[in-house]
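The structure appears right after this line, and notes come after that.
The values are calculated or read from the model by the stated rules, or taken from the named source; none is laboratory data. No experiment lies behind these values; they were computed from the predicted model shown. Quick reminder, even Gly has a Cβ in these numbers, built from the backbone with ideal geometry, and neighbours come from all protein chains shown. Remember, those area values only see protein heavy atoms, side chains included, never the ligands or the DNA or RNA. Shrake-Rupley method; radii C 1.70, N 1.55, O 1.52, S 1.80 Å.
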Amino acid sequence: MNTAARLRRAWIPLKYGVRSNTSSIQFMQYLQNLPGTQYTKLVNGLTIATEERESYNSCVALFVDAGSRYESSFENGITHFFEHIAFKSTRARVKPELEAQLEQVGARFKCFTTREMSVYYVECLCQDTPVATDLLTDCVFNNAFSHTEIENQKRTVYAEMLAHDNNPEAVAYDYLHSAAFQGTPLAATVMGPSANLYNFTDATICRYLSKCFDPCRTVLVAVGGVKHEQMVALANSYLCKLEPLKCMDIDAYRFSGSDVRFRDDSLPVAHVLAAVEAPSLIHDDYVVMEVARHIVGGWDRSQPGTAKTHYSQVVRMSDTFKTCDSYKAFYINYKDCGLWGVHFVGQSKQLDNMMGIVQDEFMYLCFCVTDTEVERAKNFYKSKILSKNESALGTCMDIGRWTLYNGYRPSLLQKMKAVDKVTVEDVRELCEKYLYDRCLAIAAVGQVEGLYDYSRYRARMYWLRT
Amino acid sequence: MTSVARAGHLAPYFKASSSVVSNGLKPTVVAYTAPEKVLVHPLPKTTTVQSLHGALPIQGLKAVAGGRGPSHVRFAHTDISYPDFTAYRRKETQDPTAKSSESVDARQSFTYLIAGAGGVAGAYAAKSVVTHFVSSMAAAADVLALAKIEIKLSEIPEGKSVTFKWRGKPLFIRHRTDNEISTEQSVPVESLRDPQHDNQRVQNPKWLVVIGVCTHLGCVPVANAGDFGGYYCPCHGSHYDASGRIRKGPAPLNLEVPQHSFVDEGTLVVG
């Protein structure tokens, strides 16, 4: 019996070793041979990062280090507002001309804004890249700030705000930020309060853009069938006129254990978010916490009946006791801080039970998590990285974000190796560091009556047992 | 109604106007009295539809359909900011630019130290409260005082058995003579109904301490009587010897020896 157990224990690493090595040696060589990302910095501080691929399409993006966390309380929402007038008219091209050109290229111009990043990108065919880049940079850095457009877009943004309010999940995430980062600029929402919207004029927008849309804080990324030299030449012709400004320095941000609830019984369910402070995107612990997040995983009731034998304890428990409709672990990270936690949707009466299951899982991660679970989560995370980097757009987003905050982006090979290095001890140690006896930030929207007092959930963040 | 209105003390409330009749007394000197300061309270900020509407970005843009104006104002969730808890924060976390995770160990150890010390103090306080109440169920001091009896042995002459009252029962203290001692010591144990050697029953062979209740039916035996020179129960004729052991008669057991100790040479404490 004893010998059999010892043999089995010896066999497991051997089995995994054999299994991962046969396929992954070739794969690692493949990753090693991928063309790397090339970087150039212009005189005015603008960074250009490209990754050439053998493909017929390309994705060009402008990443600007601007977003709601850099806005004052009177400006809050201005970055998002600028998004709406960006593609309307420029100083070089009047509205009908610009619209005609945008349509003519047949490219997809899009933009989005987060709390600390504003991204304008275009997906087009290779041969259209110069035109598309010209239009993109013209729109972002040479806007006309037409008065009528600003007034028109106010109505659009207001309608968007009200529509955003109808999405309880998005509202819950906004509340989570406002509670967890209370008193810091990160608490502000991307859209900002509706009163600010009324006060936006071309002058306020201009002033803000001159502060944040600075070449030092901008990265131009191109992925696809474009050469690095070509992009540098394009950037030189369109972006070298920009004057570098005084760089804003950024402080560390404070996390507060806190609780915010918006009870709305007209909603059919409750959305609950429970998060702890987590490492930032560029922190060394980032990869391990990502693996930990994938151990918790996610699930919803529409998934066909594997819940009884599901790998995740949370799923098995919540299926047995019917405690939630869906849940997923999330890890939102910013350049200097992050939020790691679980979002679940459930009926009012079951919220407390579900919270207990989730917190038991947190404690399980700290002390009991097993090798098999870590291996599974690592594989899941690796496949997620690969599938995300498959498209030109996905790679473009990845490069832009890392280059903006880290200066460079770790290659796929480096990322795979970093994930491979994670062991069960790492997961336990870091989960204990970030989860064990740490304050939660809780945000809940909907039928939240069944959620108990904050101190109850704070007390469940540790186990006094051996 | 009229009768009510006529009632003197109610009348003022029913009148729309009131008249004041001058009493004719005028102040002789007209003194300057400062005009009372008129306190104007600012109007409370009401959250009416009109006042809230001013905060919205749609001011002049809104077209209202239907005959009535807007009946409510809808705010976006972003319009409500999180309350400021700075007054409740610890000094380490007052600064929004300080990373709270850096001071967490110091804050937690302080909290846990206070909580731990408080817990110990609380447990001690709880213990003394509980002891106080539980001990109230114990026997009172006067009862406890009666539970013991202190006897001066010098007052008991040799060969005599003296009776005391102890816990409501008669207590026999017998100052045995050497003769009695040697007799009781030499009684063969096997011959006894309740076999006990004399040494098992006495601490000091000179002194026999027994409860004077016959083990048969509870009568009080008579001292220095009976066939064996010890005690004799007149009720049914039980004979006890000078060690209080049953020797003859219906009683099944020897006389009971209570807990006792010799505090010093001349004092015996029973109980």
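Listed conditions (1) more than 14 Å from chain B (Cβ to nearest Cβ); (2) outside any helix (DSSP H, G or I); (3) at pLDDT below 90 are all met by A:Val119, apart from (3).
There is at least one residue in region B:116-131 that is within 14 Å of another protein chain (Cβ to nearest Cβ) and either small (Gly, Ala, Ser) or under 30 Å from A:Ala170 (Cα atoms) (or both).
When region B:88-106 is examined, which residues are found to be more than 11 Å from A:Gly183 (Cβ to Cβ) and either more than 8 Å from every other protein chain (Cβ to nearest Cβ) or touching a Pro at 6+ places or on another chain (Cβ under 7 Å) (or both)? Hits for region B:88-106 are B:Tyr88, B:Arg90, B:Lys91, B:Glu92, B:Glu102, B:Ser103, B:Asp105, B:Ala106.
With respect to being buried (at least 21 other Cβ atoms within 10 Å of the Cβ), within 14 Å of chain B (Cβ to nearest Cβ), at pLDDT 90 or above and within 23 Å of the chain's Cα centre (by Cα), A:Ala180 fits the description.
When you look at A:Ala170, is it at the interface with chain B (Cβ under 10 Å from one of its Cβ atoms), among the aliphatic types (A, V, I, L, M) and surrounded by fewer than 23 Cβ atoms within 10 Å (Cβ to Cβ), yes or no? So A:Ala170 passes the test.
If you check A:Arg108, A:Arg115, A:Arg155 for being in contact with a Pro (Cβ under 9 Å, 6 or more places away or on another chain), open to solvent by 10 Å² or more (accessible area, probe 1.4 Å) and free of Cβ contacts under 8 Å to residues at least 24 places away in the same chain, only one passes: A:Arg155.
Looking across region A:185-203, the residues that are crowded, with 20+ Cβ neighbours inside 10 Å and either part of a helix (DSSP H, G or I) or within 7 Å of chain B (Cβ to nearest Cβ) (or both) come down to A:Pro185, A:Leu186, A:Ala187, A:Thr189, A:Met191, A:Gly192, A:Pro193, A:Ser194, A:Asn196, A:Leu197. Is there a residue in region A:249-270 that is away from every other protein chain (no Cβ under 14 Å), more than 19 Å from the chain's Cα centre (by Cα), crowded, with 24+ Cβ neighbours inside 10 Å and not in a helix (DSSP H, G or I)? Within region A:249-270 (the criterion being away from every other protein chain (no Cβ under 14 Å), more than 19 Å from the chain's Cα centre (by Cα), crowded, with 24+ Cβ neighbours inside 10 Å and not in a helix (DSSP H, G or I)), the answer is yes, since at least one residue qualifies. Of all the numbered requirements in (1) touching a strand residue (DSSP E or B) at 6+ places or on another chain (Cβ under 7 Å); (2) aliphatic (A, V, I, L, M); (3) open to solvent by less than 10 Å² (accessible area, probe 1.4 Å), A:Leu102 misses one, and that requirement is (3). Quick one: is B:His72 more than 10 Å from chain A (Cβ to nearest Cβ), outside any helix (DSSP H, G or I) and modelled with pLDDT of 70 or more? When the stated conditions are applied, B:His72 does not pass them.
Yes/no matrix, rows are residues, columns are (1) outside any helix (DSSP H, G or I); (2) surrounded by 15 or more Cβ atoms within 10 Å (Cβ to Cβ):
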residue: A:Thr395; (1), (2): no, yes
residue: A:Tyr405; (1), (2): no, yes
residue: A:Gln414; (1), (2): no, no
residue: A:Val419; (1), (2): no, yes
residue: A:Asp426; (1), (2): no, yes
residue: A:Leu464; (1), (2): yes, no
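Counting only residues that are over 47 Å from the mean Cα position of the chain (by Cα) and outside any loop (DSSP other than H, G, I, E, B), region B:241-265 holds 4 of them. Counting only strands (runs of 3 or more DSSP E) that fall entirely inside region B:160-227 and contain at least 3 residues that are of a type in the set (A, V, I, L, M) and either without any contact (Cβ under 8 Å) to a residue 60 or more places away in the chain or open to solvent by less than 20 Å² (accessible area, probe 1.4 Å) (or both), the qualifying elements are B:207-211.
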